[in-house]
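Trainee: Below are the structure tokens for one structure; questions will follow.
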Amino acid sequence: MKRTLTIAAAFACLLLAFGTAARAQQSGGFSTTAPNAILMDSASGSIIFQKAADELIPPASMSKLMTLAVLFKALKDGKYKLEDEFTTSENAWRTGGAPSGTSAMFIPINSKTPISELIQGIIVQSGNDACITVAEGIAGSTEKFAVMMEEEARRIGLKKSTFRNPTGLNHPEHLMTARELTQLARYIIKEYPDYYKTFSQREFQYRKHKFYNRNPLLREEGLGVDGMKTGHTTEAGYGIVVSSIADGRRLIGVMAGLQTEKERKSETQRMLEWGAKSVSRAKLFNAGEAIGYARVWGGSDFYVPLGGEGDLEVILPKYPVNQKIRGEIVYEGPLKPPVRKGDQVAMFRVTSTAPGSSEPIAVSETPLYAERDVDEASFVWRGVDSLLHLGFRVVPDVRRFLNR
């Protein structure tokens with residue numbers, strides 16, 4: 001059962017830090033015409049803006065990031081090398097190549113192409129024929145490859161996304177959320193840094209064709225964009241997964257459901273510019289300071305103290321003015337012994353909500369770790385503790401926070 005402990009009094013310093021900055025400049029928070037959007041601080045994983053980020057939507061070619069994730073894993077595991085070649089079948093040529101009328105790398109039928117070129121064809125040109133060629137080369141069919149995509153999604157923590165093809169072409173059951181697209185992008189950047197460099201490639205020469213990267217923000221000076229993937233179908237509208245570095249801080253964002261290419265570019269640029277200048281970092285707890293307590297059932301202690309890894313800091317937007325900030329310790333509880341010092345057992349979640357709204361606009365989450373060992377209690381005490389837990393629903397002691 002998921003438990004939450006709301007921390008109220010501990011936020012005086014946080015409210016001061018963000019409230020003072022907001023009053024200094026009476027501008028509101030970010031808003032967008034995009035139906036679905038999210039912006040993440042990559043280093044911390046903090047969400048500094050979100051709008052309908054958990055709604056399942058058709059991702060179009062943005063889901064090619066999962067196709068690439070499966071391929072990158074196979075390369076990293078040593079199953080293939082970049083110089084290995086896959087053959088483009090008639091199916092790949094007909095349904096994703098020149099005859100399909102969709103974005104294509106224009107690979108000749110029955111030709112062999114190195115994996116290194118197929119990666120460029122997927123990233124720069126969004127080639128559907130390249131995606132199908134990869135899928136058939138790895139799994140034998142696009143259907144079997146879609147199963148692999150979904151399995152890999154679950155492995156890396158994407159719980160809602162479902163895949164039915166490697167291309168992102170419309171299928172009623174091929175769906176992702178803006179949040180999971182952001183999580184996938186972050187995973188690729190951290191797990192496959194060498195392959196990620198290709199996302200900043202602006203041009204790709206293949207045979208007689210010269211392709212230009214479909215991400216228009218790569219060419220915007222001063223924005224710091226170095227990836228990742230655009231998408232468009234009639235059903236999905238115009239979308240983008242984007243990543244940029246500003247002042248040494250990486251932002252990852254998603255926008256989906258926009259009406260035009262121009263709107264996609266301008267709204268995404270606005271979001272990145274806002275994110276680069278409109279967030280603040282605040283320290284809530286010092287390293288080694290107990291942040292809260294988690295209930296342990298049948299343990300030698302009722303509770304285990306929780307702490308962060310070093311100083312506990314949060315990143316949240318400075319605006320809008322008078323935003324509501326809420327802190328919670330969240331864990332699956334009660335915990336079961338043995339609990340060992342250093343085990344990650346909970347998360348510290350801080351949410352920011354605009355005045356008059358019930359949906360958080362920003363979320364910052366930080367892992368919490370057990371500060372000491374809690375061993376299993378005797379058989380008799382475990383029975384007593386079971387009665388206490390079932391009969392009285394003993395909850396964590398919050399007296400510590402009421403005196404801060």
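The values are calculated or read from the model by the stated rules, or taken from the named source; none is laboratory data. Everything numeric here is computed off the predicted structure, so don't read it as measured data. Here the Cβ positions follow ideal geometry from the backbone for every residue, glycine too, while neighbour counts run over all protein chains shown. Note: accessible area is taken over every heavy atom of the protein model, side chains too, but ligands, DNA and RNA are not part of it. Shrake-Rupley method; radii C 1.70, N 1.55, O 1.52, S 1.80 Å.
Trainee: Restricting to strands (runs of 3 or more DSSP E) lying wholly in segment 308-374: which have 3 or more residues that are in contact with a Gly (Cβ under 9 Å, 6 or more places away or on another chain)?
Mentor: The strands (runs of 3 or more DSSP E) meeting that bar are 344-353, 362-370.
Trainee: Can you tell me which residue among Glu143, Glu180 is of a type outside the set (Val, Ile, Thr) and loosely packed, with under 15 Cβ neighbours inside 10 Å?
Mentor: One residue alone meets the criteria, Glu143.
Trainee: So, of the residues in segment 301-319 that are touching a strand residue (DSSP E or B) at 6+ places or on another chain (Cβ under 8 Å) and more than 21 Å from Ile48 (Cα to Cα), which turns out to be surrounded by the fewest Cβ atoms within 10 Å (Cβ to Cβ)?
Mentor: Glu309
Trainee: Might you let me know whether segment 49-59 holds any residue that is among the aliphatic types (A, V, I, L, M) and in contact with a Leu (Cβ under 8 Å, 6 or more places away or on another chain)?
Mentor: So far as segment 49-59 goes, yes, one or more of its residues are among the aliphatic types (A, V, I, L, M) and in contact with a Leu (Cβ under 8 Å, 6 or more places away or on another chain).
Trainee: Here's something else I'd like to know. Sort through Asp54, Asp84 and tell me the only one that's closer than 16 Å to Lys160 by Cα, of a type in the set (D, E, K, R) and in contact (Cβ under 8 Å) with a residue 24 or more places away in the chain.
Mentor: Among Asp54, Asp84, only Asp54 is closer than 16 Å to Lys160 by Cα, of a type in the set (D, E, K, R) and in contact (Cβ under 8 Å) with a residue 24 or more places away in the chain.
Trainee: Thr32 is checked against (1) modelled with pLDDT of 95 or more; (2) of a type in the set (Ser, Thr, Tyr); (3) in contact with a Leu (Cβ under 8 Å, 6 or more places away or on another chain) and fails just one. What number does that condition carry?
Mentor: Status for Thr32: all satisfied but (3).
Trainee: From (1) within 21 Å of Lys229 (Cα to Cα); (2) free of Cβ contacts under 8 Å to residues at least 24 places away in the same chain; (3) open to solvent by less than 60 Å² (accessible area, probe 1.4 Å), pick out the condition that doesn't hold for Gln120.
Mentor: (2)
Trainee: Then there is this: Can you find a residue in segment 48-63 that is more than 28 Å from Glu273 (Cα to Cα) and either polar (S, T, N, Q) or in a helix (DSSP H, G or I) (or both)?
Mentor: No.
Trainee: Kindly establish whether Lys190 is of a type outside the set (Asp, Glu), assigned to a helix (DSSP H, G or I) and open to solvent by 70 Å² or more (accessible area, probe 1.4 Å).
Mentor: yes
Trainee: Another question, then. Starting from segment 186-203, take each residue that is within 14 Å of Gly121 (Cβ to Cβ) and list its partners that are of a type in the set (Ser, Thr, Tyr) and open to solvent by 30 Å² or more (accessible area, probe 1.4 Å), counting only C-beta distances under 7 angstrom and pairs at least six apart or across chains.
Mentor: These pairs meet every condition: Glu203/Tyr212.
Trainee: Hey, does segment 165-175 have a residue that's farther than 26 Å from Glu55 by Cα, in contact with an Asp or Glu (Cβ under 7 Å, 6 or more places away or on another chain) and in contact (Cβ under 8 Å) with a residue 24 or more places away in the chain? Spell out the reasoning first.
Mentor: We begin by selecting, within segment 165-175, every residue farther than 26 Å from Glu55 by Cα; these are none.
Checked segment 165-175: no residue is farther than 26 Å from Glu55 by Cα, in contact with an Asp or Glu (Cβ under 7 Å, 6 or more places away or on another chain) and in contact (Cβ under 8 Å) with a residue 24 or more places away in the chain.
Trainee: Would you check if Leu82 is in a loop (DSSP other than H, G, I, E, B), within 30 Å of Ser244 (Cα to Cα), open to solvent by 10 Å² or more (accessible area, probe 1.4 Å) and modelled with pLDDT of 95 or more?
Mentor: Here the answer is yes, as Leu82 does meet what is asked.
Trainee: Under the condition of being assigned to a strand (DSSP E or B) and among the basic types (Lys, Arg), which residue from segment 212-265 is least open to solvent (accessible area, probe 1.4 Å)? Walk me through it before giving the result.
Mentor: Restricting attention to segment 212-265, the residues satisfying the condition of being assigned to a strand (DSSP E or B) are 212, 225-233, 237-246, 249-258.
If we keep only those that are among the basic types (Lys, Arg) as well, we get 229, 249-250.
On the way: Lys229: 5, Arg249: 50, Arg250: 44 Å².
Top of the filtered list is Lys229.
Trainee: Within segment 48-69, restricting attention to residues that are open to solvent by less than 10 Å² (accessible area, probe 1.4 Å) and among the aliphatic types (A, V, I, L, M), which residue is modelled with the lowest pLDDT?
Mentor: Let us first name the residues in segment 48-69 that are open to solvent by less than 10 Å² (accessible area, probe 1.4 Å), namely 48, 53, 59-60, 62-69.
Checking the rest, the ones that are also among the aliphatic types (A, V, I, L, M) come to 48, 53, 60, 62, 65-66, 68-69.
Working: Ile48: 91, Ala53: 97, Ala60: 98, Met62: 98, Leu65: 98, Met66: 98, Leu68: 98, Ala69: 98.
Out of the qualifying residues, it is Ile48.
Trainee: Picking from Arg164, Arg186, which residue would you name as being of a type in the set (D, E, K, R) and in contact with a His (Cβ under 9 Å, 6 or more places away or on another chain)?
Mentor: Only one candidate passes the filter, namely Arg164.
Trainee: Of all the residues that make up segment 90-114, how many are open to solvent by less than 60 Å² (accessible area, probe 1.4 Å) and in contact with a helix residue (DSSP H, G or I) (Cβ under 7 Å, 6 or more places away or on another chain)?
Mentor: 10
Trainee: While we're on this one: Pairs please, first residue from segment 213-226 and in contact (Cβ under 8 Å) with a residue 60 or more places away in the chain and within 22 Å of Ile122 (Cα to Cα), second anywhere and in a loop (DSSP other than H, G, I, E, B) and charged (D, E, K, R), Cβ atoms under 7 Å, 6+ apart in sequence or on different chains.
Mentor: Asn213/Arg202
Trainee: What is the residue count in segment 346-359 for residues that are modelled with pLDDT of 85 or more and open to solvent by 30 Å² or more (accessible area, probe 1.4 Å)?
Mentor: Of the residues in that region, 2 qualify.
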